[in-house]
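Asker: Structure below; questions to follow.
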Amino acid sequence: MNKSSIDVAGIIGNPVERSLSPAMHNAAFRAAKLDWVYIPFMTETGHLDVTVEVLKTLGLKGFNVTMPFKKEIIRYLDSVSSEAEAIMSVNTVVNESGRLAGYSTDGEGFMMSIEARGESIDGKKIAVIGAGGAARAIVFEIAKGKAKEVSVINRTHDKAETLRDIITRHHKGYRINAMIMDRKAVKTVRAADMVINTTPLGKQTLEGLDFLVDGLGPDQFIYDLTTVPPLSQFLVTARQRGCRVMGGLGMLVYQGALSYKMWTGMEAPVGVMMKAVGMDDAGIEVVRHA
């Protein structure tokens, strides 16, 4: 290509050293023969403003935002999409001629990932564990569809109620329940067609989710946003109980594909991105451990 410089995108967060996004996006750029590079930027808590100014000065085309800055980043942006503003979470920033615009691709990325796996929310009862930024993005997107009802299960009732209020304010009449994560929630999990874990719990052990496992059984679809390892202990246990399971790699890829298109104006090579993060041609997590 006849260019004298390389376009740069990246990701800011803390931590970012284990992020799969650099490998995923750089593989996509190579496949498309673009002179782009994707770089992780470790950002110390309390110094987000400095990082944003540096990225603007460097002229990044855009960047992703991960924990713990998805909410805090909003104050440093020139504009924010209506959805990102509603859920108070931005994961994608686009540099539009020096003005930073924030978006949320998490919810749409989630929906694209389950649809690619042949799953649907239509007419389903859905239980969402957690009420943070990812949960808000996912539930907001679900509320646009035809799910029968959604129950938000969280360790603190206030956050679950806040999420319920956000959804009912923007989707009037939508049926959503807010409940605390205790043994009463087992009945809700058991009645759900789809269970989505948006918390860090259940990654290596079942501690914190062990009692909810009693609600899992055949004919349920269990989704865990955890990406490392490809299947969390929660998903391994769910699969042993006869559930269909899916880890967070699919959501990572599809939310990233949406960011890629925002930055480059091109459709992302999703298959390449899947392989870069450890998925096979069918979009299934490749489990290399016994």
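The values are calculated or read from the model by the stated rules, or taken from the named source; none is laboratory data. Quick caveat, the model's predicted, so the values are computed rather than measured. A quick note on method: Cβ atoms are made from the backbone with ideal geometry, for glycine too, and the neighbour counts reach across all protein chains shown.
Asker: Run down Ala116, Ala135, Ala143 and say which single residue is aliphatic (A, V, I, L, M), surrounded by fewer than 24 Cβ atoms within 10 Å (Cβ to Cβ) and under 20 Å from Val245 (Cα atoms).
Answerer: The conditions single out Ala116.
Asker: So the check is Cβ under 7 Å with 6+ separation or different chains; which pairs have a first residue in segment 142-169 that's in the same structural domain as Val195 (by TED's automatic domain parsing) and a second one that's polar (S, T, N, Q) and surrounded by 20 or more Cβ atoms within 10 Å (Cβ to Cβ)?
Answerer: Here the result reads Ala160/Asn154, each pair linking segment 142-169 to a residue that is polar (S, T, N, Q) and surrounded by 20 or more Cβ atoms within 10 Å (Cβ to Cβ).
Asker: Can you name every residue in segment 204-230 that is in contact with an Asp or Glu (Cβ under 8 Å, 6 or more places away or on another chain) and within 27 Å of Val16 (Cα to Cα)?
Answerer: The answer is Pro230, and nothing else.
Asker: Mind telling me which of the residues Ala9, Ala23 ends up being buried (at least 20 other Cβ atoms within 10 Å of the Cβ), out of contact with any Asp or Glu (no Cβ under 6 Å at 6 or more places or on another chain) and under 21 Å from Leu258 (Cα atoms)? Before you say what the answer is, go through the steps one by one.
Answerer: Details: Ala23 fails: buried (at least 20 other Cβ atoms within 10 Å of the Cβ).
It is Ala9.
Asker: To continue, here is another question. Considering only residues that are over 22 Å from the mean Cα position of the chain (by Cα) and either aliphatic (A, V, I, L, M) or more than 19 Å from Lys124 (Cβ to Cβ) (or both), look in segment 181-192 and name the one that is surrounded by the most Cβ atoms within 10 Å (Cβ to Cβ).
Answerer: Filtering segment 181-192 for residues that are over 22 Å from the mean Cα position of the chain (by Cα) and either aliphatic (A, V, I, L, M) or more than 19 Å from Lys124 (Cβ to Cβ) (or both), the one surrounded by the most Cβ atoms within 10 Å (Cβ to Cβ) comes out as Ala185.
Asker: Being of a type in the set (Lys, Arg) and either out of contact with any Gly (no Cβ under 9 Å at 6 or more places or on another chain) or at pLDDT 95 or above (or both) is the filter; apply it to segment 244-290 and report the residue that is farthest from Val94 (Cα to Cα).
Answerer: Per the stated criteria, the residue is Arg244.
Asker: Here's another thing I want to ask about it. Which condition does Val195 not pass, out of (1) surrounded by fewer than 16 Cβ atoms within 10 Å (Cβ to Cβ); (2) modelled with pLDDT of 95 or more, if it passes all the others?
Answerer: (1)
Asker: Quick one: how many residues across segment 157-176 are among the basic types (Lys, Arg) and over 14 Å from Ile126 (Cβ atoms)?
Answerer: 3
Asker: Still on this structure, I have one more. Can you tell me which of Ala127, Ala134 is touching a residue at least 60 places away in the same chain (Cβ under 8 Å), in a helix (DSSP H, G or I), in the same structural domain as Met194 (by TED's automatic domain parsing) and within 26 Å of Leu206 (Cβ to Cβ)?
Answerer: Unique residue meeting the criteria: Ala134.
Asker: Return the residues of segment 146-179 that are of a type in the set (Ser, Thr, Tyr) and surrounded by 14 or more Cβ atoms within 10 Å (Cβ to Cβ); say none if nothing qualifies.
Answerer: Correct list: Ser151, Thr162, Thr168, Tyr174.
Asker: Going residue by residue through segment 259-272, is there one that turns out to be more than 19 Å from the chain's Cα centre (by Cα), charged (D, E, K, R) and assigned by TED's automatic domain parsing to the domain that holds Gly123?
Answerer: Taking every residue of segment 259-272 in turn, none turns out to be more than 19 Å from the chain's Cα centre (by Cα), charged (D, E, K, R) and assigned by TED's automatic domain parsing to the domain that holds Gly123.
Asker: Can I ask one more? Would you be able to tell me the number of residues in segment 164-180 that are in contact with a Phe, Trp or Tyr (Cβ under 9 Å, 6 or more places away or on another chain) and either part of a loop (DSSP other than H, G, I, E, B) or not β-branched (Val, Ile, Thr) (or both)?
Answerer: Of the residues in segment 164-180, 2 are in contact with a Phe, Trp or Tyr (Cβ under 9 Å, 6 or more places away or on another chain) and either part of a loop (DSSP other than H, G, I, E, B) or not β-branched (Val, Ile, Thr) (or both).
Asker: Among (1) outside any loop (DSSP other than H, G, I, E, B); (2) free of Cβ contacts under 8 Å to residues at least 24 places away in the same chain; (3) within 24 Å of Glu285 (Cβ to Cβ), which single condition is Ser120 missing?
Answerer: (1)
Asker: Just checking, which of Tyr174, Tyr223, Tyr260 is closer than 26 Å to Gly10 by Cα, in contact with a helix residue (DSSP H, G or I) (Cβ under 8 Å, 6 or more places away or on another chain) and not polar (S, T, N, Q)?
Answerer: Unique residue meeting the criteria: Tyr260.
Asker: Is it the case that segment 35-50 has a residue that's within 21 Å of the chain's Cα centre (by Cα), modelled with pLDDT under 95, of a type in the set (Val, Ile, Thr) and surrounded by 18 or more Cβ atoms within 10 Å (Cβ to Cβ)?
Answerer: The answer is yes, given that some residue of segment 35-50 is within 21 Å of the chain's Cα centre (by Cα), modelled with pLDDT under 95, of a type in the set (Val, Ile, Thr) and surrounded by 18 or more Cβ atoms within 10 Å (Cβ to Cβ).
Asker: Can you tell me which condition Tyr103 does not meet? The list is (1) in contact with a Phe, Trp or Tyr (Cβ under 9 Å, 6 or more places away or on another chain); (2) of a type in the set (Ser, Thr, Tyr); (3) surrounded by 21 or more Cβ atoms within 10 Å (Cβ to Cβ), and all the others hold.
Answerer: (1)
Asker: Okay, moving on. Looking only at segment 80-104, which residues are of a type in the set (Val, Ile, Thr) and either outside any loop (DSSP other than H, G, I, E, B) or outside the structural domain of Tyr254 (by TED's automatic domain parsing) (or both)? Before you say what the answer is, go through the steps one by one.
Answerer: Going through segment 80-104, the residues of a type in the set (Val, Ile, Thr) turn out to be 80, 87, 90, 92-94.
Within segment 80-104, Val80, Ile87, Thr92, Val93, Val94 meet the criteria.
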